[in-house]
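The values are calculated or read from the model by the stated rules, or taken from the named source; none is laboratory data. Model, not experiment: these values are computed from the prediction. Backbone-built Cβ (ideal geometry, glycine too); neighbour counts: all protein chains shown. These accessible areas exclude ligands, DNA and RNA; they are computed on the full protein's heavy atoms, side chains included. Shrake-Rupley method; radii C 1.70, N 1.55, O 1.52, S 1.80 Å.
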Amino acid sequence: MKDQLIDTYGRVHRDLRISVTDRCNFRCQYCMPEEGMEWTPREELLTFEEIERLASLLVNKFGIESIRLTGGEPTVRANLSKLIEKLAKLNVDLSLTTNGATLPLIAGELYDAGLDRINISLDTLDRKRFESLTRRDNLKQVLHGIETAKSVGFDPVKINMVVMKGVNDDEVLDFVSYGRENGLVVRFIEFMPLDADETWTESKVMPQNEILELISSKYDLEPLSRGSSPAARWKFVDGPGEIGIIATVSEAFCDACDRIRLTADGKFRNCLFAIQEYDVRKLLRENAGDEKIIELFSHAVKQKWAGHQIGKSVFIRPSKSMSQIGG
Ligand code: SAM
Ligand code: SF4
């Protein structure tokens, strides 16, 4: 019987997110500043061997069942498919979140390396708006990347849309049609206070109830079971396909959170919004034995709080942005 990564509220942690780089080829307004972002120097990033060791420990000792690679933009890390090959041997559900721009070139390689699932972030279907939101004129590549991901065999391909009031909330129904027409699962994400420019306000969040009301005005939806997924899910009554909503702000799902994180520079985080990190890289580079590292994981998870408290006076914004933590 394996040990469990269990916190003081009884939540068992089985889902690991690993950021492989804080670099990115985009500069999304809600995630990174246009200029002046300093990347972590290469020697401070965890090596693939270090990532593999930590992931193996977490899987073999604590029964971690799923690993998602993220960033920054994970596909800008050289030889990503080599890491995927190593992690695929752990027999967990292995997935990737990407902005999709490099997929026309590497989707096949990632699939062949053993990646199980892929989520592609896309917030608008309009070229000008895409350029303004991401500060890059790459909509065509991303759409092509989505098609390529499907054609090499990824199924389902999920699309993540961050919905922001006054920015792209007029495209929610367009995304539903785009998903239905192309066999994609669209997941609407509430805008979170992790933007590097710190312009987040609650008034910019389109809450789950409004997203749902809007979609229900055009489509009949039936709720699906959620399990430990951060997304609440609904299927279309009139045909195949589903949508999801990740309501981190309006309907926090902290009670059911089973997620832990490793940042690109080797810090362990027990929550996306954590204000404390635990330095695993230091242990690795001091040649610590497995027991010491296991101790750090157990201790850090026991310190996990009940929830993030966004919108309440006690909420403390993490000093890092989404791209630095690993979204
Ligand atoms: N570069 C990859 C991408 O864009 O998919 C992976 C990293 S990105 C930080 C991961 C996810 O976080 C993306 O779906 C992105 O849209 C989302 N994200 C970034 N900043 C956000 C924010 N302030 N609120 C909500 N979601 C955000
Ligand atoms: Fe890069 Fe993803 Fe952040 Fe956009 S959301 S800047 S693609 S890390």
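With the checklist (1) out of contact with any His (no Cβ under 6 Å at 6 or more places or on another chain); (2) away from ligand 1 (no atom under 16 Å from the Cβ); (3) among the aliphatic types (A, V, I, L, M) in hand, flag the one item residue 101 doesn't pass.
Looking at each condition in turn, residue 101 falls short on (2).
State which residue is surrounded by the most Cβ atoms within 10 Å (Cβ to Cβ) when the search covers only segment 46-84 and only residues that are within 29 Å of residue 142 (Cα to Cα), in contact (Cβ under 8 Å) with a residue 24 or more places away in the chain and of a type in the set (Val, Ile, Thr).
75
Which residues, counting only those in segment 240-256, are modelled with pLDDT under 90 and not aliphatic (A, V, I, L, M)?
Of everything in segment 240-256, those that are modelled with pLDDT under 90 and not aliphatic (A, V, I, L, M) turn out to be 248, 251, 253, 254, 255.
I'd like the residue in segment 173-198 that is touching a residue at least 40 places away in the same chain (Cβ under 8 Å) and over 20 Å from the mean Cα position of the chain (by Cα) and, out of all such residues, is farthest from residue 151 (Cα to Cα).
Looking at residues that are touching a residue at least 40 places away in the same chain (Cβ under 8 Å) and over 20 Å from the mean Cα position of the chain (by Cα), I get 173.
Does any residue in segment 256-273 that is closer than 14 Å to residue 69 by Cα come within less than 7 Å, Cβ to Cβ, of a residue that is open to solvent by 10 Å² or more (accessible area, probe 1.4 Å) and among the small types (Gly, Ala, Ser) six or more places away or on a different chain, and which pairs are these?
264/72
Being open to solvent by less than 10 Å² (accessible area, probe 1.4 Å), closer than 22 Å to residue 54 by Cα and within 16 Å of ligand 2 (Cβ to nearest atom) is the filter here, so list the residues in segment 295-327 that pass it.
323, 325, 326
What do you reckon, is residue 72 away from ligand 2 (no atom under 16 Å from the Cβ) and at positive phi? It would help to see each step written out before you state the result.
Details: away from ligand 2 (no atom under 16 Å from the Cβ): no; at positive phi: yes.
When the stated conditions are applied, residue 72 does not pass them.
Has segment 249-256 got at least one residue that is buried (at least 19 other Cβ atoms within 10 Å of the Cβ) and either of a type in the set (Asp, Glu) or over 19 Å from residue 10 (Cβ atoms) (or both)?
yes
Do we find a residue being in a helix (DSSP H, G or I) and either under 30 Å from residue 135 (Cα atoms) or open to solvent by 40 Å² or more (accessible area, probe 1.4 Å) (or both) anywhere in segment 22-43? Talk me through it step by step, then tell me what you get.
Going through segment 22-43, the residues in a helix (DSSP H, G or I) turn out to be 42-43.
Subset that is either under 30 Å from residue 135 (Cα atoms) or open to solvent by 40 Å² or more (accessible area, probe 1.4 Å) (or both): 42-43.
Yes, there is a match, as at least one residue in segment 22-43 is in a helix (DSSP H, G or I) and either under 30 Å from residue 135 (Cα atoms) or open to solvent by 40 Å² or more (accessible area, probe 1.4 Å) (or both).
Can you tell me which residues in segment 118-128 are touching a residue at least 40 places away in the same chain (Cβ under 8 Å) and open to solvent by 60 Å² or more (accessible area, probe 1.4 Å)?
Selection gives 126 alone.
Considering every residue within segment 141-152, establish whether at least one is open to solvent by less than 50 Å² (accessible area, probe 1.4 Å), in contact with a strand residue (DSSP E or B) (Cβ under 6 Å, 6 or more places away or on another chain), within 16 Å of ligand 1 (Cβ to nearest atom) and at pLDDT 95 or above.
Checked segment 141-152: at least one residue is open to solvent by less than 50 Å² (accessible area, probe 1.4 Å), in contact with a strand residue (DSSP E or B) (Cβ under 6 Å, 6 or more places away or on another chain), within 16 Å of ligand 1 (Cβ to nearest atom) and at pLDDT 95 or above.
Kindly indicate whether residue 134 is closer than 27 Å to residue 36 by Cβ and hydroxyl-bearing (Ser, Thr, Tyr). Explain how you work it out, then say what you get.
Working: closer than 27 Å to residue 36 by Cβ: yes; hydroxyl-bearing (Ser, Thr, Tyr): yes.
Here the answer is yes, as residue 134 does meet what is asked.
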